[in-house]
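Single-structure report; data block below.
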Amino acid sequence: MKKSIIHFFVFVLLITVSTDTWAQKLITKTGNIKFQASTPSNEEVAAENKSVSAVLEQSTGDFAALVLIKGFRFKVALMEEHFNENYMESEKFSKATLKGKMEDFDLSKVTSTAKNFTLKGDLTLHGVTKPITVTVKVSKAANGVIAMGSFEVKPEDYGIEIPNLVRKKIADKIKVNYNFLLVK
């Protein structure tokens, strides 16, 4: 059942970007997102998800990514459990999405040296959608492109409550790093 839901989300993600031919799209199901929410002198609060789906429409610069919240892995199992149950409420808010468009995207100008593009779009996290502007470093790879970069989010902007008991152990701004190898 869970795989069916995942495949459905990937299918919806792919068809929502555009209705052009499939040959124009570069995709991945193995994208990587890491986040760092640690504060100095406290236990590391960090996780990684290696099964992020993303799609880039080559001709328009339209971009979409989908991450299943329960796919984040922590070094400490109890931290992962608290993340899913208490903070992200992943049973209720199972996914996060980023949908937008890279401004002035031109694949013919992309080389093996990373070129910065500005992606403007919407980030949906914990059931809240907010506009976001992200710098994406795009470079050519043998069979597609690499899109990578980072941005920050504030938990309170997305209705994520951090209890006072642990407030000082979790950063006010969460740093998110992403890396996608998008292929035909």
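The values are calculated or read from the model by the stated rules, or taken from the named source; none is laboratory data. Keep in mind that this is a model prediction, so the values were computed, not measured. Note: ideal-geometry Cβ built from the backbone for every residue, glycine included; neighbour counts use all protein chains shown. Areas reflect the complete protein model, heavy atoms only, side chains present, ligands, DNA and RNA absent. Shrake-Rupley method; radii C 1.70, N 1.55, O 1.52, S 1.80 Å.
Side notes on the structure shown:
- Considering the range 55-98, and only residues there that are under 16 Å from residue 153 (Cα atoms) and in contact with an Asp or Glu (Cβ under 9 Å, 6 or more places away or on another chain), the residue that is least open to solvent (accessible area, probe 1.4 Å) turns out to be 69.
Matching residues to (1) among the β-branched types (Val, Ile, Thr); (2) within 15 Å of the chain's Cα centre (by Cα); (3) within 17 Å of residue 57 (Cα to Cα):
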site	(1), (2), (3)
107	no, no, yes
112	no, no, no
128	yes, yes, no
133	yes, yes, no
141	no, no, yes
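- The set of residues from the range 100-158 being open to solvent by 60 Å² or more (accessible area, probe 1.4 Å), hydrophobic (A, V, I, L, M, F, W, C) and not in a loop (DSSP other than H, G, I, E, B) comprises just one member, 148.
- Note on the range 60-70: among residues that are touching a helix residue (DSSP H, G or I) at 6+ places or on another chain (Cβ under 9 Å) and either charged (D, E, K, R) or without any contact (Cβ under 8 Å) to a residue 40 or more places away in the chain (or both), the one that is nearest to residue 119 (Cα to Cα) is 62.
- Tabulated pairs, the range 104-132, first over 30 Å from residue 159 (Cα atoms), second modelled with pLDDT under 95, C-beta under 7 angstrom, 6+ apart or interchain: 107/58; 115/109
- Count of the range 38-62 residues which are among the aliphatic types (A, V, I, L, M) and within 13 Å of residue 175 (Cβ to Cβ): 3
- Criterion violated by residue 167 - all others in (1) open to solvent by 40 Å² or more (accessible area, probe 1.4 Å); (2) within 26 Å of residue 39 (Cβ to Cβ); (3) modelled with pLDDT of 95 or more; (4) among the charged types (D, E, K, R) satisfied: (3)
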